[in-house]
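Report on the structure given below.
Throughout, read-outs are computed from the coordinates displayed, never taken from laboratory work. As the structure is a computational prediction, the values presented were derived from the model and not from experiment. Counting neighbours? That spans all protein chains shown, and the Cβs are built from the backbone with ideal geometry, glycine included.
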């Protein structure tokens, strides 16, 4: 036989009409992964990138060295934020279908990533989100009305009608402006963290991107600069298995875990069950302690699943089995935390239903208020001459002329 | 006042600003221990420490991205891209992020980053060490773009750029670092000592961004140009015996069309000269704006003299360079037209 080279084209585990097979997802038993000291050198803890930190077991108990021992009140807050994120998302999706907004992206199935991680960080820490991290806004207490006004591009839109829906920012809340270009925020977070270290602060930066975006050069810039300068930063890869229709194999996930990308740079990479609220919280706390104590950056891979479409512009039944999410082995983050609280005797189905009802009413009230500030179809609208503002700090003459031209045209 | 070449003037600007404002930090390839491949940052790491003058990995996209993050966190980074030809890996961070941050966040976030980068040819750099990409940045709304032509402007403009809360792409014509260049590579190099703009104040001063300067008054024709070509145009007009008014654009964005147009209205004739490739070049914008403002004062069509529409070839550097012969031909052409 003559030896031949071979081109490998990754194949999704299942496409429409096929049976989902998640045997490719390496899952460690709850409690099985050791929790190293925060000052452990990256080389000594390389295995964290290949196992999976999990705290909640099959019986909804919290077990093992990563158990964060949060009190029931905090867990209930986490549950509330996740549920509010989901109900907000669902309403916005419906509003898009009704033509009230142009576009939307839900975080369905990934709510624990933003909520647990945000709760594990301090309000003074600077967050550089990707587009499916609305849970960060909610956890930091942003009123829904404010988020809805952005999505509506109305007169109260924080972005003054300049950004697609869901690309929020909140300076006071230490939430950076979101870009529509993927991964660009990752190395920016490292720069922010470098500045924090130059100033001698104990604040850290955290950033998120999807596993698909790890293919961008910016991901590698971020890891490199974080490693070189030992920046106090937490770099999070939300591995939700899908980049629109492209499964994680096309980002290189077949060969090595995304967490293992850190090891080549000497950045500890740690893989966690991203649908396990407790494990996600614990791993983030560990990474934050490392950063705050001068032990540098951490790369966290949060293994989760994109339960819905990429956005309101695609139909996932065209590229993956309909029952994919039902068969996802790590379950649903809200359901798992709920069952854990019930097991602790700190929650009931009745209270859950009551909470859902209360939050649903809050979403409704917020929407009713938000649309009074305008929708895509009904006024009031922003004055279009504002489009010339903020291109520069002070408007240069050529923009003043164009602004006057537009206003004259409008009469 | 001291006599400085452009490298010393730029170094003096950085030194002045680092002493005045602890938020000013420098970063880039070889800028720290070594002081930069052109020596612009020489001595600054020794003086201000490793936390304020950072040697960076060879990753222009990472340099600009981390500079943005630092700028958001209250620092005033000055990032050096070693050659303008190397800036393209950072293009997405410059265009989609740096230039758009203030706009997309409705003024809440901004990053006051200055990107310094040597540009232009005439140093036997071949196609990857000779480019003048000003048009590429002028086309991006949200960026200021400047190119000084002498040590005095270099220092004053760089101080303005560092203090500016908007991002500035600061292009340094590297052929001018050590002396003015009159377009004759076979002639002995001239130092800045004999040039009035080689006299530079030691301390703090600004040349404001957004203003062109009449580098030489004249009555017969206006030459609108910037960077290295200011000096080449001056020499060419002298050789041709034509009294040209030379307008040094200096600030490409925002553009000072008033100074340019009032000169052209006065002379009635105009050529636009730049070293960069002509097609789609910034000269096209200049010509469009000049004819719009000055059409009824023009005695002749406006001509452009620019680099050919090819890459900058190593072996044919001086054939590519839009030197005195081509400028003189254009001057004669607009002088003859009536």
#### Entry: Where labels lie 7 Å past Cα in the beta-carbon direction, separation of residue A:215 and residue A:313 in nm
1.7
### Message
Rounded to whole Å, give me the distance from the Cα center of the range B:101-135 to that of the range A:126-146.
### Response
33
### Summary
Rounded to whole angstrom, the alpha-carbon centroid of the range A:29-73 lies from that of the range A:151-205 at a distance of 30
### Query
Once label points are set 7 Å from the Cα along Cα→Cβ at both residue A:155 and residue B:332, what is their separation, rounded to one decimal in nm?
6.7
### Estimated 222 nm signal from helices in chain B, with DSSP H stretches of n ≥ 4 weighted -39500 (n - 2.57), rounded to 500
-9500 deg cm²/dmol
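In which sequence would A:237, B:95, B:200 go, from the one with the fewest C-beta neighbours within 10 Å to the one with the most?
Values: A:237 31, B:95 18, B:200 24.
In increasing order of surrounding Cβ atoms, one gets B:95, B:200, A:237.
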### Task
Determine the percent antiparallel among the DSSP beta bridges restricted to the protein assembly as shown, to the nearest 5.
15
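Over the range B:2-200, calculate the relative contact order: mean separation of alpha carbon pairs under 8 Å at least 6 apart, over the residue count, as a percent. Don't skip to the end; give the middle numbers.
Numbers: 406 pairs, mean separation 49.7, N = 199.
About 25 percent, as a whole number.
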### Task
Could you state the angle between the C-alpha long axis of helix A:333-343 and the longest principal axis of the C-alpha atoms of chain A, as a value from 0 to 90 degrees rounded to the nearest 10?
60
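Before anything else, pin down the relative contact order of the range A:1-58: Cα pairs under 8 Å, at least 6 apart, normalised by residue count, whole percent. Mind showing how you got there, number by number?
Details: 35 pairs, mean separation 20.4, N = 58.
Rounded, it is 35 percent for the range A:1-58.
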### Query
Against the longest principal axis of chain A, how steep is helix A:217-229, in degrees 0 to 90 to the nearest 10, with axes from Cα atoms?
70
### Task
With r as the distance between the Cβ atoms of residue B:88 and residue B:319 and R0 = 22 Å, compute the FRET efficiency 1/(1 + (r/R0)^6) and round to 0.05.
0.30
### Task
In whole angstrom, note down how far apart the Cα centers of the range A:230-282 and the range A:332-411 are.
29
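Counting alpha carbon pairs within less than 8 Å and at least 6 residues apart, what relative contact order, in whole percent, applies to the range A:42-380?
Numbers: 673 pairs, mean separation 88.5, N = 339.
The value is 26 percent.
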### Query
Once label points are set 7 Å from the Cα along Cα→Cβ at both residue A:349 and residue A:377, what is their separation, rounded to one decimal in nm?
3.8
### Summary
To the nearest 10 degrees, the tilt of helix B:60-72 (Cα long axis) against the first principal axis of the alpha carbons of chain B is 70
### Query
Name the residues of the range B:160-181 whose amide N is less than 19 Å from a point 7 angstrom out from the Cα of residue B:211 along the C-beta direction?
B:160-166
### Task
Would you mind calculating the gained length between residue A:393 and residue A:35 on full extension (0.36 nm times residue separation, minus the Cα-Cα distance), in nm to one decimal?
124.0 nm
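Given a Förster distance of 22 Å, report the FRET efficiency between residue A:201 and residue A:172 from their Cβ-Cβ distance, rounded to the nearest 0.05.
Details: r = 18 Å, r/R0 = 0.80.
Using R0 = 22 Å, I get an efficiency of 0.80.
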